Amino acid sequence: MDTEKQLLCSHATGVVKMKENMDVYKTLVNNKNELTEILTDQKPESNYSKATEKEKFDFYLKQGFINGNTYLPSLRINSSNENFGLYINKYKRYYDRYFSDKIGIKNSLSFEIQKSYDNGKGNEFKNGKFYSVGSSSRFAVSCFSENLNGRIFLLDSIEIEGEKKDCRISLEKELDIFSANNHIISHPQMDVVINFKTGDVYFIEVKCHEIFDNHKEIKLKAKYKDTDFIKTHLSSFAKVSEQQKGKEKFIAIKNQLLTAEDFGCNLKTYHFDFKQFLCHLMGILQYQKENKVKVHFYYLFFKHTDYVNKEMSKIYEELELELAEIFSVFSKKYNDIDFGYIYNDKFDTIKNVENNYT
């Protein structure tokens, strides 16, 4: 078997035993003028680079699915060679760290779930993001759904802090952000919103491999200067300006893009998407104002224990220090919001929503 074919077939089937703290490589294979980007722990002979930590994280995820981990509640891949490989139009190539559409992921979802992502701003079925092994949207669906005779439906009850409660779950929920003059500025989307009969509403943002991105700079568009939220939080600065980056203008202080420190948060690492947090919080505050409900703002993270153990990674420890600092600062400013975070270590129904932030 030639080298290209070995790489394409590598890890496609069977149980894979992974080495401790392995090297993972990224290579591009041209097969009959079709490009495929491949992650492998077998060092290619040429045309390769070391995988980033985010790509390595995805590699471990893929091996877990090959070894029998669920990719949706109670759904696992079979022994077919066609489990992975999806063409991404944006990059004009196939990726082996995406599930193939041949395994029928979309068709396994209820029409309600399909509609949420068909109508969502992310276009995640069309652009392929939902099929990524590290898709936070598929992770969100997995955690808040169940498998009923092979089809995936949203839960109608869930255990919260040890008590099971009836609920209504929405995906890709659109929120509103208004200017101080009551003009609409944007519609941020929450991954998951859970409404309970008690009046409690849980807004949950879901993350998987995004925690490997660097979020030190906050690229908050200049239009947000017109919100009461930003005016209040940046009122101590003598001059809030704008900085041009490409075609967009972003809020700046002393000609520098915003950072978490400008909002009183002293961070040493930047795994947490602070800019998105601000936008979601603005939308949640508007929702709270209009609906007079008890609000819980949680983050759900996929905890990749296999990656952590084999790579001796401190990423979740660093993330938790960030969360503790940010939630401590903002819970003092908004003491009627319950901030928190939760984990699930599988793409499967979450057993209990229990706040890890105390």
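The lone criterion from (1) at pLDDT below 95; (2) touching a Pro at 6+ places or on another chain (Cβ under 9 Å); (3) hydrophobic (A, V, I, L, M, F, W, C) left unmet by Val240 is number (2). The set of residues from the stretch 217-232 being in a loop (DSSP other than H, G, I, E, B) and closer than 15 Å to Gly283 by Cβ comprises Leu220, Thr227.
Residue-by-condition table, conditions (1) of a type in the set (A, V, I, L, M, F, W, C); (2) touching a residue at least 12 places away in the same chain (Cβ under 8 Å); (3) in contact with a Ser or Thr (Cβ under 6 Å, 6 or more places away or on another chain); (4) at negative phi:
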| position | (1), (2), (3), (4) |
| --- | --- |
| Glu261 | no, no, no, yes |
| Asp273 | no, yes, no, yes |
| Asp306 | no, yes, no, yes |
| Met312 | yes, yes, no, no |
| Glu317 | no, no, no, yes |
| Tyr334 | no, yes, no, yes |
| Ile342 | yes, yes, no, yes |
| Tyr357 | no, yes, no, yes |
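For Glu311, the criteria (1) more than 26 Å from Gly134 (Cα to Cα); (2) at pLDDT below 95; (3) not hydrophobic (A, V, I, L, M, F, W, C) hold in every case but one, which is (1).
Can you find a residue that is modelled with pLDDT under 95, open to solvent by less than 40 Å² (accessible area, probe 1.4 Å), more than 26 Å from the chain's Cα centre (by Cα) and farther than 30 Å from Lys56 by Cα anywhere in the stretch 162-178? Looking through the stretch 162-178, none of the residues is modelled with pLDDT under 95, open to solvent by less than 40 Å² (accessible area, probe 1.4 Å), more than 26 Å from the chain's Cα centre (by Cα) and farther than 30 Å from Lys56 by Cα.
Filtered by the rule that a residue be at pLDDT 95 or above and surrounded by 15 or more Cβ atoms within 10 Å (Cβ to Cβ), the stretch 107-123 gives Ser108, Leu109, Ser110, Ile113, Gln114, Ser116, Tyr117.
Every residue, every condition in (1) out of contact with any Lys or Arg (no Cβ under 9 Å at 6 or more places or on another chain); (2) among the hydroxyl-bearing types (Ser, Thr, Tyr), yes or no:
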position: Gly128; (1), (2): no, no
position: Val133; (1), (2): no, no
position: Ser136; (1), (2): no, yes
position: Glu146; (1), (2): yes, no
position: Asn149; (1), (2): yes, no
position: Asp156; (1), (2): no, no
position: Glu174; (1), (2): no, no
position: Asp191; (1), (2): no, no
position: Glu205; (1), (2): yes, no
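Give me the residue from the stretch 143-157 that is more than 13 Å from the chain's Cα centre (by Cα) and under 20 Å from Lys207 (Cα atoms) and, out of that set, surrounded by the most Cβ atoms within 10 Å (Cβ to Cβ). Among those residues, the one meeting the criterion is Phe144. Scanning the stretch 240-253 for residues that are within 23 Å of Val329 (Cα to Cα) and either open to solvent by 20 Å² or more (accessible area, probe 1.4 Å) or β-branched (Val, Ile, Thr) (or both) returns Val240, Ile251, Ile253.
Within the stretch 277-299, being touching a Ser or Thr at 6+ places or on another chain (Cβ under 9 Å) and either aliphatic (A, V, I, L, M) or farther than 25 Å from Glu325 by Cβ (or both) holds for one residue alone: Met282.
If a residue must be of a type outside the set (Phe, Trp, Tyr), buried (at least 19 other Cβ atoms within 10 Å of the Cβ) and more than 18 Å from Asp101 (Cα to Cα), how many such residues does the stretch 29-57 contain? Residues meeting the conditions: 6. Restricted to strands (runs of 3 or more DSSP E) entirely inside the stretch 14-133, those with at least 1 residues that are under 30 Å from Met190 (Cβ atoms) and without any contact (Cβ under 8 Å) to a residue 60 or more places away in the chain are 84-88, 93-99.
Whether a residue is β-branched (Val, Ile, Thr) and in a helix (DSSP H, G or I) was assessed, and Ile211 passes this test. For Gly264, the criteria (1) touching a strand residue (DSSP E or B) at 6+ places or on another chain (Cβ under 9 Å); (2) surrounded by fewer than 16 Cβ atoms within 10 Å (Cβ to Cβ) hold in every case but one, which is (1). Picking from residues in the stretch 156-204 that are in a strand (DSSP E or B) and in contact with a His (Cβ under 6 Å, 6 or more places away or on another chain), the one that is nearest to Ala140 (Cα to Cα) is Tyr202.
Taking Cys279, is it assigned to a helix (DSSP H, G or I) and either open to solvent by less than 10 Å² (accessible area, probe 1.4 Å) or within 22 Å of Ser328 (Cβ to Cβ) (or both)? The answer is yes for Cys279. The number of residues in the stretch 322-347 that are crowded, with 19+ Cβ neighbours inside 10 Å, in contact with a strand residue (DSSP E or B) (Cβ under 8 Å, 6 or more places away or on another chain) and acidic (Asp, Glu) comes to 0.
The values are calculated or read from the model by the stated rules, or taken from the named source; none is laboratory data. Since the model is a prediction, treat every value here as computed from it, not as a measurement. Cβ sites come from the backbone with ideal geometry, for glycine too, and all protein chains shown count toward neighbours. These accessible areas exclude ligands, DNA and RNA; they are computed on the full protein's heavy atoms, side chains included. Shrake-Rupley method; radii C 1.70, N 1.55, O 1.52, S 1.80 Å.
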